[in-house]
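Input: a single structure, listed below in structure tokens.
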Amino acid sequence: MKITKKSIYNLLFLIIIGLLLYPPTKTYFIRLISFSPSIIKSEKRDVLNDYNWSLKGLNTIDVDFNNLKNKVVFINFWATWCPPCVAEIPSIQELYNDYKDEVVFIFVSNEKWEVINAFYKKHNYDLPTYNLGNSLPKIFQVNSIPTSFVINKKGEVVINKSGAADWNSSKFRSLLNELIK
């Protein structure tokens, strides 16, 4: 049997497709193509007017959003079974390690704590995680995960990002430093 160029290309194509379907490779690839999120221009920002909602803490205390007025808040909707979510979590964990005393981090999942806890232990994560306590304000009702929001001290949504992002970039850290001032 003679090996042709076409046969080699077909084999390479199948190998690449196979690697992209293999979960660890898929997560790595998503990480490679994730960029820092875009900042919403001031005149186009939604404002959080409804602080009357709460979240049930899974590995932390429950949160009442009325207590988060005038604070910088990072909210991430995610799940352990979602490859883009898994891809961005390492960058979020690094960010959380450095900013947890200055920014309120909230990770919302509809999964049971046992599933999330096993995932956290496997990867050595310690992000404050919640289930919904009551209905969310309309601006946080999302159709896809991961979706992340960053809210400034005035209640403006500065970032609304669907899909994986590199949250530990120098650009995003600069934004957080500005928002914290």
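The values are calculated or read from the model by the stated rules, or taken from the named source; none is laboratory data. Source: prediction; values computed, not measured. We place every Cβ from the backbone using ideal geometry, glycine too, and count neighbours over all the protein chains shown.
The one condition from (1) surrounded by 19 or more Cβ atoms within 10 Å (Cβ to Cβ); (2) among the hydrophobic types (A, V, I, L, M, F, W, C); (3) touching a helix residue (DSSP H, G or I) at 6+ places or on another chain (Cβ under 9 Å) that ILE92 does not meet is (3).
As a summary of the residue check, THR80 satisfies the conditions (1) touching a Ser or Thr at 6+ places or on another chain (Cβ under 8 Å); (2) in contact (Cβ under 8 Å) with a residue 40 or more places away in the chain except for the one numbered (2). Being under 24 Å from LEU176 (Cβ atoms), among the aromatic types (Phe, Trp, Tyr), surrounded by 13 or more Cβ atoms within 10 Å (Cβ to Cβ) and modelled with pLDDT under 90, is that true of even one residue in region 8-30? Within region 8-30 (the criterion being under 24 Å from LEU176 (Cβ atoms), among the aromatic types (Phe, Trp, Tyr), surrounded by 13 or more Cβ atoms within 10 Å (Cβ to Cβ) and modelled with pLDDT under 90), the answer is no, since none of the residues qualifies. Within the option set ASN66, ASN117, being at pLDDT below 95 and surrounded by fewer than 19 Cβ atoms within 10 Å (Cβ to Cβ) holds for one residue only, ASN66.
From the list VAL115, VAL103, VAL86, VAL158, the lone residue that is in contact with a helix residue (DSSP H, G or I) (Cβ under 8 Å, 6 or more places away or on another chain) and more than 26 Å from LYS41 (Cα to Cα) is VAL86.
From the list LYS71, LYS56, the one residue that fits, being of a type in the set (Lys, Arg), touching an Asp or Glu at 6+ places or on another chain (Cβ under 6 Å) and over 23 Å from ALA164 (Cα atoms), is LYS56. Tell me whether region 136-144 contains one or more residues that are of a type in the set (Gly, Ala, Ser), closer than 27 Å to ARG45 by Cα and surrounded by 19 or more Cβ atoms within 10 Å (Cβ to Cβ). No, every residue in region 136-144 fails to be of a type in the set (Gly, Ala, Ser), closer than 27 Å to ARG45 by Cα and surrounded by 19 or more Cβ atoms within 10 Å (Cβ to Cβ). Is it the case that TYR51 is surrounded by 13 or more Cβ atoms within 10 Å (Cβ to Cβ) and either among the small types (Gly, Ala, Ser) or at pLDDT 70 or above (or both)? In short, yes.
In region 124-145, the residues that are farther than 15 Å from ILE61 by Cα form Cβ pairs under 6 Å with partners that are outside any loop (DSSP other than H, G, I, E, B) and at pLDDT 95 or above, at six or more places apart or across chains, as follows: TYR125/GLN93; VAL142/PHE77; ILE145/PHE77. Please work out if LEU179 is more than 15 Å from GLU88 (Cβ to Cβ) and not in a loop (DSSP other than H, G, I, E, B). Criteria met by LEU179.
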